[in-house]
Amino acid sequence: KEISMQMEVEENKTLNEIWQDTIEKRKKEIVREFPYALRQISTQLKAGIGLYDSMKSIADSNYGILSEEFQITLNEIKYGSNYVESFENLSKRINLPSIEKFVGQIIRTLNNGGNLAETLNTLADENSYNMKIKYKKKSA
């Protein structure tokens, strides 16, 4: 009986490790794709396309998990949540500093006005730079 319980604990630990690995892989994919998605949104906003439609283009594009998360956010908006609440949910689900910053900027712009396209372009540059630094550190 004791051996059986010990095996269950080891099995649970392994499942927990697998779960943590899955979360980390998802986050890495999002971090990798995020600057490109930001640039796409920024370009579309500059061209006069609205925020909802710009986000829909990300959801419909091939940004992997990021596209899936944007689709969830769009569905929340479509079915009755307001933009602020839906973006806050996005931030909670993904739980990455870059997404928190993105969501904060969108919420501030929605509440106070401003040039969201330029803000997102700056965030894209910042995220690209941070990603390059990470890769340089790993390769060194």
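A few remarks follow.
- Protein accessible area in the range 16-62, 1.4 Å probe - carbon and sulfur %: 51
- Restricting the chymotrypsin sites (Phe, Trp or Tyr not before Pro) of the range 51-116 to loop positions (DSSP other than H, G, I, E, B) with no more than 14 neighbouring Cβ atoms within 10 Å leaves Tyr79.
- Cβ-placed point charges (K, R +1; D, E -1), dipole of the range 53-136 about Cα centre in debye, nearest 20: 280
- Where GluC sites (Glu not before Pro) fall in DSSP loop in the range 66-127, at most 12 other Cβ within 10 Å: none
- Mean separation of Cα contacts under 8 Å (6+ apart) over length of the range 36-140, as relative contact order %: 29
The values are calculated or read from the model by the stated rules, or taken from the named source; none is laboratory data. Since the model is a prediction, treat every value here as computed from it, not as a measurement. Reconstructed Cβ throughout: ideal geometry from the backbone, glycine too, with neighbour counts over all protein chains shown. To get the accessible areas, we keep the full protein, side chains included, count just its heavy atoms, and leave off ligands, DNA and RNA. Shrake-Rupley method; radii C 1.70, N 1.55, O 1.52, S 1.80 Å.
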